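Peer 1: The structure is given below, and queries will be raised subsequently.
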Amino acid sequence: MEDMISKILDMDKKARDLTDAAVQSKADYEKEIIRTKEKIKNDYLERANERIKINTRSAQKDADEKLAALEKKNAVVIDHLDSEYKENRDRWVNEIVQRVISGQN
């Protein structure tokens, strides 16, 4: 009878040990899943941030090129207007004075 009780107690201990091992294994797997999930998330965020940096540099380069083109175009227009002014200022001043004096619009 004692032998049977001893066997039952041994089987109970083995069952508890197996249960404890299964619970511990489950907890370990859950921790590993959380670590893997965080790693995937961090990797994704890192790649996304790198893509943002690349896109920002590209957009800045495009904006700089467009700005340079506009500044060049504006410089040409300003030069043209300065040239027109230098060529015609005396005539324009005389016309304005004549119109004011004669009352013409």
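Since every read-out is calculated from the coordinates, none of them should be taken as a lab result. Here the structure is a predicted model, which is why all the values come from computation and not from measurement. Counting neighbours? That spans all protein chains shown, and the Cβs are built from the backbone with ideal geometry, glycine included.
Peer 1: What do you get for Rg/Rh over segment 55-105 if you use C-alpha atoms and the Kirkwood form of Rh?
Peer 2: 1.44
Peer 1: Let me ask another. Once you charge only the Cβ atoms, +1 for Lys and Arg and -1 for Asp and Glu, what is the size of the charge dipole of the chain about its Cα centre, to the nearest 20 debye?
Peer 2: Value, rounded to 20: 320 debye.
Peer 1: What is the Rg over Rh value, at two decimals, for the chain, using alpha-carbon atoms and the Kirkwood definition of Rh?
Peer 2: 1.86
Peer 1: Let me ask something else. Based on alpha-carbon centroids, what's the gap between segment 12-48 and segment 78-103 in Å, whole number please?
Peer 2: Here the two parts' Cα centres lie 85 Å apart.
Peer 1: If you don't mind, there's one more thing I want to ask. Segment 1-57: Rg/Rh from Cα coordinates, Kirkwood Rh?
Peer 2: Result: Rg/Rh = 1.60.
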